Amino acid sequence: MYNYVKAFHLIFVVTWFAGLFYIPRLFIYHIEASQKASPEKEILTKQLRLMTKRLWYIITWPSAILCTLTAIWLLLLIPAWLQQPWMHVKLAFVALLFAYHIKNHLIFKQLQRNEVNYTSNYMRIWNEGATIILFAVVFLVVLKSAINWVFGLVGIIGLGVLLMLGIKLYKKVREKNPEA
(Lines give C-alpha, C1' and ligand atoms only; values in the text may rest on other atoms or scores of the structure.)
Protein backbone atom coordinates (compact mmCIF):
# COMPACT_ATOMS: atom_id res chain seq x y z
CA MET A 1 0.00 0.00 0.00
CA TYR A 2 2.82 2.41 0.93
CA ASN A 3 4.36 2.47 -2.57
CA TYR A 4 1.00 3.23 -4.21
CA VAL A 5 0.29 6.10 -1.82
CA LYS A 6 3.83 7.42 -2.31
CA ALA A 7 3.45 7.26 -6.10
CA PHE A 8 0.21 9.25 -5.95
CA HIS A 9 1.80 11.71 -3.54
CA LEU A 10 4.69 12.31 -5.94
CA ILE A 11 2.30 12.76 -8.88
CA PHE A 12 0.35 15.38 -6.94
CA VAL A 13 3.57 17.11 -5.84
CA VAL A 14 4.58 17.39 -9.50
CA THR A 15 1.19 18.71 -10.66
CA TRP A 16 0.95 21.14 -7.73
CA PHE A 17 4.39 22.54 -8.50
CA ALA A 18 3.54 22.71 -12.20
CA GLY A 19 0.65 24.99 -11.29
CA LEU A 20 2.78 27.03 -8.90
CA PHE A 21 5.48 27.44 -11.53
CA TYR A 22 3.08 28.50 -14.27
CA ILE A 23 0.59 30.73 -12.42
CA PRO A 24 3.08 33.56 -11.72
CA ARG A 25 4.09 33.45 -15.39
CA LEU A 26 0.44 34.00 -16.32
CA PHE A 27 0.36 36.84 -13.76
CA ILE A 28 3.30 38.44 -15.58
CA TYR A 29 1.48 38.22 -18.92
CA HIS A 30 -1.69 39.64 -17.35
CA ILE A 31 0.21 42.57 -15.83
CA GLU A 32 1.95 43.30 -19.12
CA ALA A 33 -1.34 42.98 -21.06
CA SER A 34 -2.92 45.55 -18.75
CA GLN A 35 -0.40 48.10 -20.03
CA LYS A 36 -1.33 47.62 -23.69
CA ALA A 37 -3.73 49.76 -25.69
CA SER A 38 -7.32 48.81 -26.51
CA PRO A 39 -8.58 46.47 -27.92
CA GLU A 40 -5.48 44.28 -27.36
CA LYS A 41 -5.63 44.94 -23.60
CA GLU A 42 -9.21 43.68 -23.25
CA ILE A 43 -8.72 40.67 -25.49
CA LEU A 44 -5.55 39.53 -23.73
CA THR A 45 -6.76 40.12 -20.18
CA LYS A 46 -10.00 38.26 -20.84
CA GLN A 47 -8.07 35.25 -22.18
CA LEU A 48 -5.49 35.37 -19.38
CA ARG A 49 -8.21 35.53 -16.71
CA LEU A 50 -9.76 32.38 -18.21
CA MET A 51 -6.41 30.57 -18.45
CA THR A 52 -5.42 31.39 -14.86
CA LYS A 53 -8.87 30.42 -13.57
CA ARG A 54 -8.67 27.02 -15.24
CA LEU A 55 -5.08 26.40 -14.13
CA TRP A 56 -5.79 27.48 -10.58
CA TYR A 57 -9.06 25.66 -9.95
CA ILE A 58 -8.67 22.59 -12.18
CA ILE A 59 -5.00 21.74 -11.60
CA THR A 60 -3.28 23.70 -8.82
CA TRP A 61 -5.82 23.67 -5.98
CA PRO A 62 -6.91 20.02 -6.47
CA SER A 63 -3.24 18.97 -6.65
CA ALA A 64 -2.43 20.83 -3.43
CA ILE A 65 -5.33 19.15 -1.64
CA LEU A 66 -4.57 15.66 -2.98
CA CYS A 67 -0.86 16.11 -2.25
CA THR A 68 -1.71 17.02 1.33
CA LEU A 69 -4.12 14.10 1.77
CA THR A 70 -1.61 11.58 0.45
CA ALA A 71 1.12 13.13 2.65
CA ILE A 72 -1.09 12.66 5.72
CA TRP A 73 -1.77 9.09 4.62
CA LEU A 74 1.98 8.44 4.32
CA LEU A 75 2.53 9.83 7.81
CA LEU A 76 -0.22 7.58 9.13
CA LEU A 77 1.49 4.61 7.51
CA ILE A 78 4.90 5.56 8.94
CA PRO A 79 4.32 7.80 11.99
CA ALA A 80 7.96 7.42 13.10
CA TRP A 81 8.88 10.02 10.46
CA LEU A 82 7.31 12.65 12.70
CA GLN A 83 10.14 11.96 15.17
CA GLN A 84 12.82 12.73 12.57
CA PRO A 85 14.41 16.22 12.58
CA TRP A 86 14.57 16.32 8.76
CA MET A 87 10.80 15.84 8.66
CA HIS A 88 10.30 18.81 11.00
CA VAL A 89 12.35 20.99 8.66
CA LYS A 90 10.49 19.60 5.63
CA LEU A 91 7.13 20.36 7.22
CA ALA A 92 8.32 23.92 7.91
CA PHE A 93 9.07 24.28 4.18
CA VAL A 94 5.68 22.77 3.33
CA ALA A 95 4.06 25.41 5.58
CA LEU A 96 6.06 28.03 3.66
CA LEU A 97 4.82 26.47 0.42
CA PHE A 98 1.22 26.81 1.60
CA ALA A 99 1.88 30.47 2.47
CA TYR A 100 3.25 30.94 -1.07
CA HIS A 101 0.20 29.17 -2.48
CA ILE A 102 -2.23 31.37 -0.49
CA LYS A 103 -0.39 34.53 -1.55
CA ASN A 104 -0.69 33.38 -5.17
CA HIS A 105 -4.41 32.87 -4.55
CA LEU A 106 -4.72 36.47 -3.33
CA ILE A 107 -2.84 37.77 -6.39
CA PHE A 108 -5.03 35.55 -8.61
CA LYS A 109 -8.20 37.04 -7.08
CA GLN A 110 -6.90 40.60 -7.60
CA LEU A 111 -6.06 39.96 -11.24
CA GLN A 112 -9.45 38.32 -11.80
CA ARG A 113 -10.88 41.73 -10.80
CA ASN A 114 -8.31 43.43 -13.09
CA GLU A 115 -6.59 44.96 -10.06
CA VAL A 116 -2.90 45.21 -10.91
CA ASN A 117 -0.91 45.80 -7.72
CA TYR A 118 2.46 44.39 -8.79
CA THR A 119 4.97 44.99 -11.54
CA SER A 120 5.98 42.29 -13.99
CA ASN A 121 9.55 42.51 -12.60
CA TYR A 122 8.27 41.82 -9.09
CA MET A 123 6.35 38.81 -10.41
CA ARG A 124 9.47 37.48 -12.15
CA ILE A 125 11.24 37.42 -8.79
CA TRP A 126 8.13 36.07 -7.02
CA ASN A 127 8.01 33.27 -9.60
CA GLU A 128 11.20 31.80 -8.14
CA GLY A 129 9.73 31.21 -4.67
CA ALA A 130 8.40 27.78 -5.56
CA THR A 131 11.76 26.82 -7.08
CA ILE A 132 13.64 27.58 -3.88
CA ILE A 133 11.11 25.65 -1.76
CA LEU A 134 11.23 22.70 -4.16
CA PHE A 135 15.02 22.48 -3.94
CA ALA A 136 14.90 22.57 -0.14
CA VAL A 137 12.21 19.89 0.16
CA VAL A 138 13.75 17.52 -2.39
CA PHE A 139 17.17 17.66 -0.74
CA LEU A 140 15.64 17.13 2.70
CA VAL A 141 13.65 14.10 1.53
CA VAL A 142 16.49 12.54 -0.42
CA LEU A 143 19.24 13.13 2.15
CA LYS A 144 16.96 12.76 5.20
CA SER A 145 19.24 15.03 7.16
CA ALA A 146 18.51 18.22 9.04
CA ILE A 147 21.99 18.23 10.58
CA ASN A 148 23.56 19.84 7.54
CA TRP A 149 20.96 22.62 7.51
CA VAL A 150 23.71 25.29 7.47
CA PHE A 151 25.04 23.91 4.18
CA GLY A 152 21.49 23.63 2.91
CA LEU A 153 20.77 27.24 3.88
CA VAL A 154 23.93 28.41 2.12
CA GLY A 155 22.91 26.36 -0.92
CA ILE A 156 19.40 27.87 -0.97
CA ILE A 157 20.82 31.38 -0.65
CA GLY A 158 23.26 30.58 -3.46
CA LEU A 159 20.40 29.28 -5.59
CA GLY A 160 18.45 32.47 -4.85
CA VAL A 161 21.41 34.61 -5.91
CA LEU A 162 21.79 32.64 -9.13
CA LEU A 163 18.07 32.98 -9.88
CA MET A 164 18.20 36.75 -9.29
CA LEU A 165 21.23 37.07 -11.56
CA GLY A 166 19.34 35.10 -14.21
CA ILE A 167 16.35 37.43 -13.89
CA LYS A 168 18.59 40.51 -14.26
CA LEU A 169 20.30 39.01 -17.29
CA TYR A 170 16.95 38.13 -18.88
CA LYS A 171 15.72 41.69 -18.23
CA LYS A 172 18.72 43.08 -20.13
CA VAL A 173 18.07 40.67 -22.99
CA ARG A 174 14.39 41.72 -23.10
CA GLU A 175 15.34 45.41 -23.12
CA LYS A 176 17.57 44.84 -26.15
CA ASN A 177 15.10 42.48 -27.86
CA PRO A 178 11.47 42.90 -26.67
CA GLU A 179 10.44 39.72 -28.53
CA ALA A 180 12.73 37.54 -26.34
Taking only pairs six or more apart or across chains, which ones have beta-carbon atoms under 7 Å, a first residue in segment 121-146 that is over 12 Å from residue 94 (Cβ atoms) and free of Cβ contacts under 8 Å to residues at least 24 places away in the same chain, and a second residue that is part of a helix (DSSP H, G or I) and among the hydrophobic types (A, V, I, L, M, F, W, C)?
-> none
Say we look at segment 30-48 and pick out the residues that are part of a helix (DSSP H, G or I) and among the basic types (Lys, Arg); which of these is farthest from residue 122 (Cα to Cα)?
-> 46
Check whether at least one residue in segment 45-58 is without any contact (Cβ under 8 Å) to a residue 24 or more places away in the chain and aromatic (Phe, Trp, Tyr), and report yes or no.
-> yes
Filter result (under 18 Å from residue 21 (Cβ atoms) and assigned to a loop (DSSP other than H, G, I, E, B)) within segment 94-150 = 118, 127, 128
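Can you tell me which residue among 118, 100 is under 21 Å from residue 13 (Cα atoms), of a type outside the set (Val, Ile, Thr) and surrounded by 15 or more Cβ atoms within 10 Å (Cβ to Cβ)?
On the way: 118 fails: under 21 Å from residue 13 (Cα atoms).
So the residue among 118, 100 that is under 21 Å from residue 13 (Cα atoms), of a type outside the set (Val, Ile, Thr) and surrounded by 15 or more Cβ atoms within 10 Å (Cβ to Cβ) is 100.
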Looking at (1) under 22 Å from residue 24 (Cβ atoms); (2) modelled with pLDDT under 80; (3) crowded, with 16+ Cβ neighbours inside 10 Å, which is the one condition that is false for residue 152?
-> (1)
Sort through 117, 121, 104, 177 and tell me the only one that's at pLDDT below 85 and out of contact with any Cys (no Cβ under 7 Å at 6 or more places or on another chain).
-> 177
Considering residues that are loosely packed, with under 15 Cβ neighbours inside 10 Å and of a type in the set (Val, Ile, Thr), the number found within segment 1-55 is 3
Just checking, how many residues over segment 77-87 are in contact with a helix residue (DSSP H, G or I) (Cβ under 8 Å, 6 or more places away or on another chain) and either among the acidic types (Asp, Glu) or part of a helix (DSSP H, G or I) (or both)?
-> 5
Here the qualifying pairs (Cβ atoms under 9 Å; residues six or more apart or on different chains; first in segment 160-180 and farther than 26 Å from residue 133 by Cβ; second assigned to a helix (DSSP H, G or I) and not charged (D, E, K, R)) come out as 180/170; 180/173
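The values are calculated or read from the model by the stated rules, or taken from the named source; none is laboratory data. Here the structure is a predicted model, which means the values were calculated and not measured. Note that each Cβ is placed from the backbone with ideal geometry, even for glycine, and that neighbours are counted across all protein chains shown.
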